[in-house]
Amino acid sequence: MSDATATQPVERVDLRELPSWERHDRVLASFDRLTPGQAVEFTNDYEPKALRTHLEAEREGIVLFDVRNLGDGRWLIRLTRLPDPSMQGDTPRIAFLRQVRMFRNAPIDLLREIDRAAKERNYHDRMVIVAEGTNWPTLGLVRRGVVEVTRAADEGREIVLYDVSPYSMFNEASVFDEGTAEATVIARGEVEIIELPSQFVRGLVQRSPEIALGMGRFFAQRQRRLGGAAGNLAFGRVLTRIARVLMDYASHKAGMAPGEAGVERITQSDLAARVGTVRDMGSRALSHLEDMGALELRRGRVVKLDRAKLEEIVRTGR
């Protein structure tokens, strides 16, 4: 089934009408009313990374989470309830492949073929998976954990372009243009990767319109992400850029609350790399955000965040 013929949602909800701390529970309530095969759609005003992390953990294996940046400050979130994987006889890896955008409309015979071609690898924190400028003729799919895609600046500084979370992919440029890796990919924490040979992936795209369309949509979303990141780096203040990064780790709860998993590992140097600045400027911006009541620091690391205040800083630029 292609995206064009996907099941019509049984409900459409505009989350922008709700305070951010009420949105998580509203999404869960709507999803839990679905029966297998039904879908619900939400409109939001920011990318719901924390929501996705929670939902995929709390409803593991039964939720298909599709989010699209529509390019005008709106994100469309579509949740589809899946049958229990055990009821379909899926192996854990087949169940994973069903939730990868590129493969979600592929028939079971094709998923089994992909499964046979796949290799699994595990990486420890800060291990380099792909080095910039090297030949890595493989498409990487993140099964568990998060990886960073980075570039090295001429003066030796590192810039984090974006993160890749579960069900998403990396090194797609090398797969299709057969060139060297355009960036370095690094494990952030313990990471499990599924690797598919480039030639195999190109063959899938040639013979499956569903997979080709899924890949096209993936490329479009990555282009929007990179365009937004470039604009943020070029025009945003350091304070605003850091607030935007930290919003991904802010709890859905009201007021000051502990950050989402992973925030405790982010050092001041990491934050500086994510917003394209030096460590000292990043440190001063963090201290300013703490003075504004947007976060709490402990030994120089973020431990608590106030989503509403971070949103206000991003919206107003101050």
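Every number here is computed from the coordinates shown, using simple stated rules; none is lab data. What you are looking at is a predicted structure, and each value in this text was computed from that prediction instead of being measured. All Cβ positions, glycine included, derive from the backbone under ideal geometry; neighbour counts span all protein chains shown.
Which of the listed residues, PHE42, LEU15, GLY89, is farthest toward the dipole's positive end in the chain, when Lys, Arg count +1 and Asp, Glu count -1 at the beta-carbon?
Farthest towards the positive pole: LEU15.
For the stretch 173-188, in order, what is each residue's ³J(HN,Hα) by Karplus, 6.51 cos²θ - 1.76 cosθ + 1.60 with θ = phi - 60°, in whole Hz (x at glycine and Pro)?
Coupling constants for the stretch 173-188: 4, 5, 4, 9, 9, 6, x, 7, 5, 7, 7, 9, 10, 10, 6, 10 Hz.
Hey, what number do you get for the chain at 222 nm if only DSSP H runs of n ≥ 4 count, each worth -39500 (n - 2.57), divided across all residues, to the nearest 500?
Taken over the chain, the calculation gives -12000 deg cm²/dmol.
Let me make sure I get this right: for the stretch 3-83, a, b and c are the square roots of the gyration tensor eigenvalues over alpha carbons, sorted descending. Under 1.5 in a/c it's rounded, otherwise prolate if a/b > b/c, else oblate. Which is it?
Judged from the Cα gyration tensor, the stretch 3-83 comes out oblate (a/c at least 1.5, b/c at or above a/b).
Would you mind calculating the gained length between ARG225 and HIS124 on full extension (0.36 nm times residue separation, minus the Cα-Cα distance), in nm to one decimal?
Full extension of this stretch gives 33.7 nm more.
If I stretch the segment between ILE62 and ALA254 completely, what's the gain in nm (0.36 nm per residue apart, minus their alpha carbon distance), one decimal? Please report the intermediate quantities before stating the final value.
Values: separation 192, 0.36 × 192 = 69.12 nm, distance 2.77 nm.
Roughly 66.3 nm would be gained on extension.
Most exposed first by the Cβ proxy, i.e. fewest other Cβ within 10 Å, how do ARG279, ARG23 rank?
Arranged by neighbour count, lowest to highest, ARG279, ARG23 become ARG279, ARG23.
Taking the Cα-to-Cβ direction at PHE176 and at THR91 and moving 7 Å from each Cα, how far apart do the two end points lie in nm?
Simple spin-label model gives 2.8 nm for this pair.
Report the gain in length on full extension from SER287 to ARG26: 0.36 nm times residue separation, minus Cα-Cα distance, nm rounded to one decimal.
Working it through step by step, the gained length comes to 90.6 nm.
Please give me the summed charge of the neighbours of LEU18: other residues whose Cβ is under 10 Å from its Cβ, Lys and Arg +1, Asp and Glu -1.
On the way: positive: ARG16, ARG23, ARG26; negative: ASP14, GLU17, GLU22, ASP25.
Neighbour charge sum, excluding LEU18 itself: -1.
Tell me the net charge near MET256. Cut-off is 10 Å between Cβ atoms, MET256 excluded, with +1 for each Lys or Arg and -1 for each Asp or Glu.
Computed value for this residue: +2.
So what is the relative contact order of the chain, in percent, for Cα pairs below 8 Å that sit 6 or more residues apart?
15 percent
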